[in-house]
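Written below as structure tokens is the structure these notes are about.
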Amino acid sequence: MQLKTNSEEETILLGERIGRELPPNSVVCFFGDLGAGKTTFIKGLARGCVSASTEQIHSPTFVYLHIYEGSKTLYHFDLYRLHDQDEFLSMGFEEYFFAGGICCIEWSERIAALLPPHCIKVCIDHAGNNERKISITPWDE
Ligand code: ADP
Ligand code: MG
């Protein structure tokens, strides 16, 4: 699925729509530069899947993981500062992929080899000031 959004709010609404439909154990992997809109998308997704308000969601910059509890549990990873895959494994993070919640992973490329086959890939690219090209695909496409 290829889409274009023209504002932050449109990206939030798109995330919300996706968030509402995600089944348990979904792993959503985000790709895109700093400022692309990964966290913005996840704000919407959190609204859709755990009814979190957008103000609650920030990139977990100084820790790797924030957990939001609602009717489902959202595991929000930001791996920008992760050194390597072993660090991810040593923290036992992998078990969250199958913990019955929803995982969102910013900077998924840091753990490319660990991503489960069932994950969904969201790529966000700048396409102008407030425009973003967003593609949402199953991992193997
Ligand atoms: P990332 O997590 O990818 O580093 P953020 O979501 O934190 O990026 O930041 C995206 C920035 O881009 C925000 O300041 C947001 O207001 C701005 N922005 C402008 N247009 C859009 C859009 N169409 N979608 C998402 N964010 C947008
Ligand atoms: Mg971010």
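The values are calculated or read from the model by the stated rules, or taken from the named source; none is laboratory data. Just so it is clear, the structure is predicted and the values come from calculations on it, not from any experiment. All Cβ positions, even for glycine, are placed from backbone atoms using ideal geometry, and neighbour counts span all protein chains on display. Calculation scope for accessible area: heavy atoms of the full protein, side chains included, ligands and nucleic acids excluded. Shrake-Rupley method; radii C 1.70, N 1.55, O 1.52, S 1.80 Å.
General remarks:
- Candidate cross-link partners of Lys4 among the aspartates and glutamates, defined by an alpha-carbon separation under 14 Å and a same-chain spacing of 8 or more, comprise Asp125, Glu131.
- Look at where the Cα atoms of the stretch 69-141 and of the stretch 1-56 average out, and the two centres are 12 Å apart.
- Computed FRET value (nearest 0.05) for Ala127 with Tyr80, which takes r as the C-beta separation and R₀ as 25 Å: 0.65
- Over the chain, DSSP H runs of length four or greater, each weighted -39,500 (n - 2.57), average out per residue to a 222 nm ellipticity of -7000 deg cm²/dmol.
- Helix axis angle, 38-50 relative to the chain longest principal axis, alpha carbon, degrees: 80 degrees
- Based on Cα contacts under 8 Å between residues 6+ apart, the stretch 2-138 shows a relative contact order of 33 percent.
- Principal-axis tilt of helix 8-21 within the chain, Cα atoms, nearest 10 degrees: 50 degrees
- Solvent-accessible heavy-atom area per residue, rounded to whole Å², over the chain at 1.4 Å: 50 Å²
- Simple spin-label estimate for Glu109 and Leu65 gives 2.4 nm between the two label positions (7 Å along the Cα-to-Cβ direction from each Cα).
- As a fraction of the 1.4 Å probe accessible area of the stretch 2-138, surface on carbon and sulfur atoms comes out at 49 percent.
- Summarising the amide proton neighbourhood of Cys103: residues at separation of 5 or more, or on other chains, whose placed amide H is nearer than 5 Å comprise Ser26, Val27, Val28, Tyr75.
- Amide H partners (placed H, <5 Å) of Cys119, local residues excluded: Trp139
- Residue of Glu55, Glu69, Glu21 that the Gaussian network model of the chain assigns the largest fluctuation, springs spanning Cα pairs under 10 Å: Glu55
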